[in-house]
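Below is one structure, written out as structure tokens, with a few remarks after it.
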Amino acid sequence: SNNNNHPYKLLGSATLTNPTKGKWNHVVLPAISVTAGTQYWIAILSAKTGTLRFRDAAAVTSQPSETSKQTTLTTLPSTWSTGTAYKEGPLSAYGAGYP
């Protein structure tokens, strides 16, 4: 969720076990309640091995990307603590509802 333009509470989570480099990767979240016109954050947690890379360059007017203040996460926390904010922009992603 969002709290004053910063990540706040974890609403749901899912795991992508075999990401495909250079492609859109589909991740199915469990049903969560969202409201049209409301800002939400997407968080990603790096794999145990390898390097996580994602596209996050965007327009100057967009929201920044943020790292967690916690540096040894093995799962996403239920409540977010901001580490460093980067002005490059948000992760390239979109959400689609399914009936």
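The values are calculated or read from the model by the stated rules, or taken from the named source; none is laboratory data. Treat the numbers as computed from the prediction; the structure is a model and nothing was measured. Using ideal geometry, Cβ is built from the backbone for each residue, glycine included, and neighbour counts are taken over all protein chains shown. Please note that ligands, DNA and RNA were not included when accessible areas were found on the heavy atoms of the full protein model with its side chains. Shrake-Rupley method; radii C 1.70, N 1.55, O 1.52, S 1.80 Å.
Do you know which of the residues in segment 51-71 that are closer than 21 Å to LEU16 by Cα and open to solvent by less than 70 Å² (accessible area, probe 1.4 Å) is modelled with the lowest pLDDT?
Across segment 51-71, the extreme among qualifying residues is ASP56.
Can you find, within segment 77-93, the residue that is farthest from the chain's Cα centre (by Cα) among those that are among the hydrophobic types (A, V, I, L, M, F, W, C) and either modelled with pLDDT of 75 or more or within 14 Å of LEU10 (Cβ to Cβ) (or both)?
Per the stated criteria, the residue is ALA85.
Identify all residues within segment 16-31 that are open to solvent by less than 90 Å² (accessible area, probe 1.4 Å), closer than 19 Å to THR75 by Cα and of a type in the set (Val, Ile, Thr); write none if there are none.
VAL27
Against the definition (part of a loop (DSSP other than H, G, I, E, B) and at pLDDT 70 or above), how does THR74 come out, yes or no?
The answer is yes for THR74.
I'm trying to understand the selection: among the residues of segment 5-25, which are modelled with pLDDT of 85 or more, in a loop (DSSP other than H, G, I, E, B) and not hydrophobic (A, V, I, L, M, F, W, C)?
Scanning segment 5-25 gives TYR8, GLY12, SER13, THR15.
In segment 32-49, which residues are more than 23 Å from HIS6 (Cα to Cα) and open to solvent by 90 Å² or more (accessible area, probe 1.4 Å)?
LYS48, THR49, listed by residue number.
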